[in-house]
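J.: My questions all concern the structure below.
The values are calculated or read from the model by the stated rules, or taken from the named source; none is laboratory data. Values in this document were obtained by computation on a predicted structure and should not be read as measured data. Cβ atoms come from the backbone with ideal geometry, glycine included; neighbour counts cover every protein chain shown.
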Amino acid sequence: MKPREAMMSSMPLTLVVILGLLVPLRCQPAIDGPVRDLINRNSDFSTRLYRALASRTDNNVFLSTVTVSYGLSALLSATSGSSREQLQQVLGLAGLDPQTFPDLFQSMTTAMLGSGALNLKQGVAIFPDSSIQVSASYLDLVQAKYGGTVKSLTYATPREAADMINIWAQEQTRDQVQDLVTDLNPQTQLLLATAALYQGRFSQAFNASVTQDERFYVDKYHVVTVPMMFRADKYFLAYDRSLKVGVLKLPMVDGAAMLVVLPDEDVDITAVEEEVTSEKIQSWIRQLKKTKLEVQLPRFLLESSCSLGDVLRTLGLVQVFQDDADLSTMGATQGTKLSQVFHKAVLSVDESGDGDTSGGGSSVFATPPPRLTINRPFLFVVYHQTSGGVLQMGRLLDPTKK
């Protein structure tokens with residue numbers, strides 16, 4: 001395989017995204033048919049959501065898609081009528097019995113994130129205005145099935161309401177996520193916030209002693225200098241000839257893995273993004289083959305904060321934002337609607353991993369293998385290896401910018 005048909009090496013990942021539930025992963029029970037079907041549907045929603053968000057910006061992108069999915073699913077349990085039907089359609093859950101969703105999502109949590117090894121804190125927070133009386137049954141449902149919380153705020157004093165949301169976000173992420181919201185409309189009725197803290201380590205560390213500054217080609221006219229990490233090892237690689245991209249799998253110690261998707265030099269990364277579906281990701285995983293390679297990868301930090309209301313509208317989620325939204329299952333009165341959906345994620349990639357970062361774990365080959373230097377924009381997907389379920393997605397255009 002050519003060096004350009006590959007990518008990164010075993011490195012650490014610290015990822016923060018907003019939500020409030022600890023969802024672990026050590027024990028991996030068998031995944032039954034309905035749960036596997038839900039994981040596949042959720043992966044499809046993940047790629048559609050990512051494409052919709054990425055198409056709206058020319059900057060770096062990072063999104064914890066599974067986190068947003070849990071938040072919207074908790075909201076779905078508050079709806080009825082056509083609002084529920086529309087949410088089901090957008091989430092890819094059409095044809096399923098809505099009454100089964102809470103238990104199914106709880107089972108998906110156990111299958112993909114359950115019992116501790118993934119080091120993922122994930123949750124949802126639904127913040128209604130203090131004038132809305134939320135039913136006790138809905139509050140209990142969000143807490144028991146989605147690990148989230150429902151907390152009333154007084155939006156007539158928007159600064160105080162924003163402070164409460166930001167304090168909540170900091171508590172869920174050990175102060176690593178700041179300023180989830182900065183501006184709130186005093187007319188806000190209902191707000192959905194998603195947050196998570198993911199701290200993962202790749203199975204093998206980079207050699208910190210040989211990290212050095214190298215060029216990264218943002219585009220034909222823009223070059224930046226970034227710390228470039230290095231490791232020689234055996235990697236699982238694939239090459240997609242239809243899209244002209246190389247794919248590198250970077251396993252983590254917690255059961256997740258990252259796919260780094262590097263377009264050929266003459267390929268527009270946005271054109272590749274438009275073709276990324278859950279089926280395409282699964283086809284990349286199936287094609288992976290082990291090979292020897294030297295990898296250089298930039299050290300980087302991504303921080304992504306976004307209001308997803310407009311993005312979700314482009315996917316067809318409209319009615320819950322309108323006055324005729326039916327949130328009666330929550331206990332809300334007629335005319336109550338969802339005002340906004342907030343999400344924030346932080347991803348840090350450096351040399352650390354499972355073991356020494358001084359280079360003692362790097363493989364030594366009699367003949368140096370091909371070297372791949374990741375020095376131009378790439379995409380990445382973090383997924384659960386056992387189920388193939390998509391957890392996070394992103395795009396790195398410029399490693400010097402968050």
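J.: Please work out if Ile132 is in a strand (DSSP E or B) and modelled with pLDDT of 90 or more.
T.: no
J.: Then there's this: Under 6 Å between Cβ atoms, which residue pairs at least 6 apart in sequence (or on different chains) link something in the stretch 64-82 that is surrounded by 24 or more Cβ atoms within 10 Å (Cβ to Cβ) with a partner that is polar (S, T, N, Q) and not in a helix (DSSP H, G or I)?
T.: Note: pairs meeting the criteria are Ser64/Gln392; Thr67/Gln122; Thr67/Thr194; Val68/Thr194; Gly71/Thr194.
J.: Scan (1) in a helix (DSSP H, G or I); (2) β-branched (Val, Ile, Thr); (3) over 19 Å from Leu391 (Cα atoms) for the single condition Thr110 breaks and write down its number.
T.: (3)
J.: Quick one: which residue in Leu87, Leu118 is crowded, with 23+ Cβ neighbours inside 10 Å, more than 25 Å from Asp179 (Cα to Cα), at pLDDT 95 or above and not assigned by TED's automatic domain parsing to the domain that holds Val390?
T.: Leu87
J.: Right, another one. Quick check on this structure: which one of Tyr217, Tyr198 is closer than 22 Å to Val382 by Cβ and aromatic (Phe, Trp, Tyr)?
T.: Tyr198
J.: Determine the pairs where a residue that is crowded, with 20+ Cβ neighbours inside 10 Å, located within the stretch 122-144, has a partner that is at pLDDT 90 or above and basic (Lys, Arg) with Cβ atoms under 9 Å apart, the partner being 6 or more residues away or on another chain.
T.: Ala125/Lys151; Ile126/Lys151; Phe127/Lys151; Pro128/Lys151
J.: When the residues of the stretch 371-383 are filtered to those that are buried (at least 23 other Cβ atoms within 10 Å of the Cβ) and not β-branched (Val, Ile, Thr), which remaining residue is nearest to Thr67 (Cα to Cα)?
T.: Looking only at the stretch 371-383, we keep the residues that are buried (at least 23 other Cβ atoms within 10 Å of the Cβ), and these are 372, 374, 378-383.
Filter once more, so that each one left must be not β-branched (Val, Ile, Thr): 372, 378-380, 383.
Working: Leu372: 32, Phe378: 22, Leu379: 19, Phe380: 17, Tyr383: 13 Å.
Only one residue fits best here, namely Tyr383.
J.: For the stretch 205-215, check the following and say yes or no: at least one residue is part of a strand (DSSP E or B), small (Gly, Ala, Ser) and buried (at least 22 other Cβ atoms within 10 Å of the Cβ).
T.: no
Yes/no matrix, rows are residues, columns are (1) in a loop (DSSP other than H, G, I, E, B); (2) in contact with a strand residue (DSSP E or B) (Cβ under 7 Å, 6 or more places away or on another chain); (3) of a type in the set (D, E, K, R):
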{"site": "Cys306", "(1), (2), (3)": "no, yes, no"}
{"site": "Val311", "(1), (2), (3)": "no, no, no"}
{"site": "Val320", "(1), (2), (3)": "no, no, no"}
{"site": "Ala325", "(1), (2), (3)": "yes, no, no"}
{"site": "Thr336", "(1), (2), (3)": "yes, yes, no"}
{"site": "Phe342", "(1), (2), (3)": "no, yes, no"}
{"site": "Leu379", "(1), (2), (3)": "no, yes, no"}
{"site": "Leu391", "(1), (2), (3)": "no, yes, no"}
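J.: Here's a follow-up. Specify which of the listed residues (Ala125, Ala136) is of a type in the set (Gly, Ala, Ser) and closer than 27 Å to Leu302 by Cα.
T.: When all the criteria are applied, what remains is Ala125.
J.: Now for a different question. So how many residues does the stretch 319-344 have that are surrounded by fewer than 16 Cβ atoms within 10 Å (Cβ to Cβ) and among the polar types (S, T, N, Q)?
T.: Residues in the stretch 319-344 being surrounded by fewer than 16 Cβ atoms within 10 Å (Cβ to Cβ) and among the polar types (S, T, N, Q): 3 in total.
J.: Tally the residues that are part of a helix (DSSP H, G or I) and acidic (Asp, Glu), restricting the search to the stretch 50-104. Before you say what the answer is, go through the steps one by one.
T.: First, the residues of the stretch 50-104 that are part of a helix (DSSP H, G or I): 50-54, 65-76, 81-91, 98-104.
Narrowing the set further to residues that are acidic (Asp, Glu) leaves 85, 103.
Summing the residues that are part of a helix (DSSP H, G or I) and acidic (Asp, Glu) in the stretch 50-104 gives 2.
J.: Residues that are under 29 Å from Gly331 (Cβ atoms), of a type in the set (Lys, Arg) and either crowded, with 16+ Cβ neighbours inside 10 Å or modelled with pLDDT of 95 or more (or both): does the stretch 187-204 have at least one?
T.: no
J.: Within the stretch 237-246, does at least one residue satisfy the condition of being within 14 Å of Pro377 (Cα to Cα) and not basic (Lys, Arg)?
T.: Checking the stretch 237-246: at least one residue is within 14 Å of Pro377 (Cα to Cα) and not basic (Lys, Arg).
J.: Give the number of residues within the stretch 168-223 that are touching a residue at least 24 places away in the same chain (Cβ under 8 Å), among the aromatic types (Phe, Trp, Tyr) and farther than 23 Å from Met258 by Cα.
T.: The total comes to 1.
J.: Please verify whether the stretch 222-244 includes one or more residues that are outside any strand (DSSP E or B) and surrounded by 15 or more Cβ atoms within 10 Å (Cβ to Cβ).
T.: Yes, the stretch 222-244 contains a residue that is outside any strand (DSSP E or B) and surrounded by 15 or more Cβ atoms within 10 Å (Cβ to Cβ).
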